[in-house]
Amino acid sequence: MTSAIFPLCDGCGQPASPEHIARRLKRLEWTTRYRPVHIHSLFLGGVSPDADAEFLYSPTGEFQGEAAAMLEVAGLSAAGKSADAVHAEFQRCGFLLTHMLECPLEHGFNSKASVQELLAKRAPAAATRIRRSLRPKRVVFVSETLEDLAKQWTAEELGCALVLDGGKPYALDGSNAQQAIAALRESVTALMQAR
């Protein structure tokens, strides 16, 4: 018996099984619905979370993990609100969260080396997408997995300002996530006041 060979996903560079593509399209639909017309701040993560509850734009409204962290950064509360209302508030702030690898990691791609290899391969396409399609006022790096990329990319390359934490990404996925959330919250507040 031979194993199926799938083409590579254009959103993450991993083999794209029919299930993988279906999940990607579902998440793209969720995200696109709340994409601001004018993106004030593009929050750029490394890898899309596996659980829908941690994916910010999921209609489940559970807002756990990364999704909860992003709401905290934005100063938004989900208490007593529908997922749609929370997403609309995030959108009205001019915020969009996306990831270098737009799909969760598949089995076999979860080592640090394979993640860095996928990120390096996606970097040119992601930079083009940011510059030509998303066109934000600024890109805010929110994942420690993007540290190498943060050193390589320039504001000229992306066509907008880069927001870093002392030259490094805000490590919302790091070991000291609460400190990173607080620091990013402070930066976001200053950026919003400077609008």
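Within a 10 angstrom radius of the beta carbon, how do His40, His99, His107 rank from fewest other beta carbons to most?
Going from least to most buried by this count: His107, His40, His99.
For the chain, what is the calculated [θ] at 222 nm in deg cm²/dmol (nearest 500), taking -39500 (n - 2.57) for each run of four or more DSSP H residues and dividing by its residue count? So the calculated ellipticity at 222 nm is -13000 deg cm²/dmol.
Rank-order 82-88, 100-106 by packing density, defined as the average count of other C-beta atoms within 10 Å over each peptide's residues, highest first. Each step should come with its number before you reach the end.
Details: 82-88: 16.0, 100-106: 21.7.
Averaged packing, sorted descending, gives the order 100-106, 82-88.
Restricting to the chain, compute how many DSSP beta bridges are antiparallel as a %, nearest 5. Let's see the in-between values first.
Details: 2 of 15 bridges.
The antiparallel proportion sits near 15 percent.
For the stretch 91-144, the list of trypsin sites (Lys or Arg not before Pro) that fall in a loop by DSSP and count at most 16 other C-beta atoms within 10 angstrom reads Lys137. Fewest neighbouring Cβ atoms within 10 Å first, the residues Cys93, Cys160 line up as Cys93, Cys160.
Distance cut-off 28 Å, Cα to Cα: go down the list Lys81/Lys112; Lys121/Lys168; Lys26/Lys168; Lys112/Lys168 and report the pairs above it.
Working: Lys81/Lys112 37 Å; Lys121/Lys168 20 Å; Lys26/Lys168 31 Å; Lys112/Lys168 18 Å.
From Lys81/Lys112; Lys121/Lys168; Lys26/Lys168; Lys112/Lys168, over 28 Å: Lys81/Lys112; Lys26/Lys168.
Of the residues Tyr34, Tyr57, Tyr170, the one that moves most in a GNM of the chain with alpha-carbon contacts below 10 Å is Tyr34.
Global dimensions of the stretch 144-195 from alpha-carbon coordinates: Rg and Dmax equal 11.8, 31 Å. Within the listed set Ser143, Ser175, Ser41, the Gaussian network model of the chain (springs between alpha-carbon atoms below 10 Å) gives the highest mean-square fluctuation for Ser175.
Under the rule a/c < 1.5 gives rounded, and otherwise a/b versus b/c splits prolate from oblate, where does the stretch 105-195 land using the Cα gyration tensor?
On the way: a/c = 2.30, a/b = 1.20, b/c = 1.91.
Judged from the Cα gyration tensor, the stretch 105-195 comes out oblate (a/c at least 1.5, b/c at or above a/b).
Taking every pair of alpha-carbon atoms in the chain, give the share separated by more than 22 Å as a whole percent. Here the long-distance tail beyond 22 Å is 46 percent of all Cα pairs in the chain.
Taking the Cβ of Glu186 as the center, what net charge do the other residues with Cβ under 13 Å away carry, scoring Lys and Arg +1 and Asp and Glu -1? Mind showing how you got there, number by number?
On the way: positive: Arg185; negative: Glu72, Asp165.
After counting each charged neighbour, the total is -1.
According to the calculation over all Cα-Cα pairs in the stretch 1-111, the P(r) per 10 Å bin from zero is 14, 45, 28, 11, 2, 0 %.
Quick one: which of 50-56, 181-187 comes out on top by average Cβ neighbours within 10 Å, and what's the full order, highest first?
On the way: 50-56: 19.3, 181-187: 17.0.
Averaged packing, sorted descending, gives the order 50-56, 181-187.
A short reminder: the numbers here are calculations on the coordinates, not readings from a lab. Treat the numbers as computed from the prediction; the structure is a model and nothing was measured. Because the Cβ atoms are built from the backbone with ideal geometry, glycine has one as well, and the counts that use them run over all protein chains shown.
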